[in-house]
1. When a/c is below 1.5 the answer is rounded, else prolate if a/b is larger than b/c, else oblate, so apply that to the range 185-425 with a ≥ b ≥ c taken from the square roots of the Cα gyration tensor eigenvalues.
2. Using a ≥ b ≥ c from the Cα gyration tensor of the range 371-426 (square roots of the eigenvalues), is it rounded, prolate or oblate, where a/c under 1.5 gives rounded and otherwise the larger of a/b and b/c decides, a/b for prolate?
3. For K280 paired with Y78, estimate the spin-label separation in nm (one decimal), with each label point 7 Å from Cα along the Cα-to-Cβ line.
4. Report the calculated FRET efficiency for Q394 and L318 (r = Cβ-Cβ distance, R0 = 41 Å), to the nearest 0.05.
5. Longer than 31 Å from Cα to Cα, which of K131/K280; K179/K280; K316/K358; K131/K338; K346/K413 are they? Say none if no pair is.
6. Roughly speaking, what is the centre-to-centre gap between the range 349-368 and the range 40-70 when only Cα atoms are used, to the nearest Å?
7. Kindly state, to the nearest 0.05, the FRET efficiency for D172 paired with A20, given R0 = 30 Å and r defined as their beta-carbon distance.
8. Spin-label point model (7 Å from Cα, Cβ direction): what's the E416 to Q183 distance in nm?
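Here, each number is a calculation from the coordinates, and none is a lab measurement. The model shown is predicted, which means the values in this text are computed figures rather than measured ones. Reconstructed Cβ throughout: ideal geometry from the backbone, glycine too, with neighbour counts over all protein chains shown.
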Amino acid sequence: MGLWNRYGVIIVSQSYEFLAAVTPVFAKGTSFEVIGAAHHGNEALSCILTDKTDLVVIDLDMPDSEGLIAVQLIMSHYPIPVMMLSSQTPEGAVQTIQAMRIGATDYFHTQLLAQESYAGVMTAYFLERCKMAVHNGIQRVYESAIPVDVNKEAAISEGLLDKQDKFQRRMDIEFNLRKAIDQQEFRLVYQPVVDIVTKRIVGLESLIRWHSAVLGHVSPSDFIPIAEESGLIHQIGEWVLRESCRQNMAWQEAGLPKMFVAVNLSRRQFMDRGLYAMIKSILVETGLQPQYLELEITESMSMGVKLVADTLSQLKMLGIRVAMDDFGTGYSSLSYLKDFPIDKLKIDQSFIKGLKIKQVNAAIVNMVITMARNLNLLVVAEGVETEEELQVLQECGCRFVQGYYFSPPVQAKQIEDILHQEICVI
């Protein structure tokens, strides 16, 4: 660690505005100290050699590829952790991939630090990323510099090639994710929520799927975290909301039973001050009545109880229902019930699996259902896959379930067929 028990940081940029925006960010933390600034790679090398430098932050938006040149110089002469900052897309993404291939440790989007709606949360996140870059950077720098053809067997045995492949995969996902909406590569599938008393569908949860023209099928567990980090989740989330409402309205206009469609909202979406106006606009645009839209939040909404409660209260005023997803997986579940205007609890599937043979799980599920009943909350059990699990849930008094026992997530046309069959049964 550098002077005053802090990591020494050098910032490389030719922009006064960039320096003025980034330098104060490091002053807000206790782990870093900006010890110098440079206009290009050679000047950065001089600073590194004369000062105790732990991290170099490089402005990737400098003209004439000066940022990439700086990375190359540092990696060639004195490899240390490098954090890239960029505000250009998609061009910036291309340069970022090139910088990572050269050996940059991590990157971050400059605009995320500048947006007031992210306030101190994004600053803290950025500083944490910088700290991780320092902690892991030296190892990654030398891993990326390993000549594969020379020590290939040793590299494979130590897992170094695998790490590089994963890192490249992450960069490829982000680059192609930026084009996915315009190229209409996303689609929604819907999983029914079933009333086990009437055996009828009462609602649907919409889930996003992505088939990239370049990467093929990409799992949500892979691309959603990257969308969160890059800020693309706002654009993707808006598309999901609009498409879910549009499809629900189309079903209603076709004479199918009116029911809610649930949409998952991410932590980042809640940080967007325009969320309320955006959802209201989508409801007006699609013509969907607000009682047929349900928003699902999770316990990761811990950036501030007041912020979440205020946002949810605004949305509730529109007539939208709110469900807490994955209930029971976080330590603050119970406190959220008193702070947030919740209509429904969704019991996480980890408590449902093996319900017949796991007495602890059954006790927890029974407690949640009893508590919810006393609080006038609805309960949905997620991940129901077997007759045994369904039987235990019935014995506990759970009325609504969701899972592969009834149906996996399916496309809109299949939902239409299922609902038409229900109408025929009536």
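1. On the way: a/c = 1.40, a/b = 1.14, b/c = 1.23.
Rounded.
2. Prolate shape, in that a/c is at least 1.5 and a/b is the bigger ratio.
3. Taking the two extended label points, one gets 5.5 nm.
4. Details: r = 34 Å, r/R0 = 0.83.
Efficiency, rounded to the nearest 0.05: 0.75.
5. Values: K131/K280 40 Å; K179/K280 26 Å; K316/K358 37 Å; K131/K338 35 Å; K346/K413 26 Å.
Where the Cα-Cα span goes over 31 Å, the pairs concerned are K131/K280; K316/K358; K131/K338.
6. Each part's Cα centre sits 55 Å from the other's.
7. On the way: r = 34 Å, r/R0 = 1.12.
After rounding, the FRET efficiency stands at 0.35.
8. In this crude label model, E416 to Q183 measures out at 2.7 nm.
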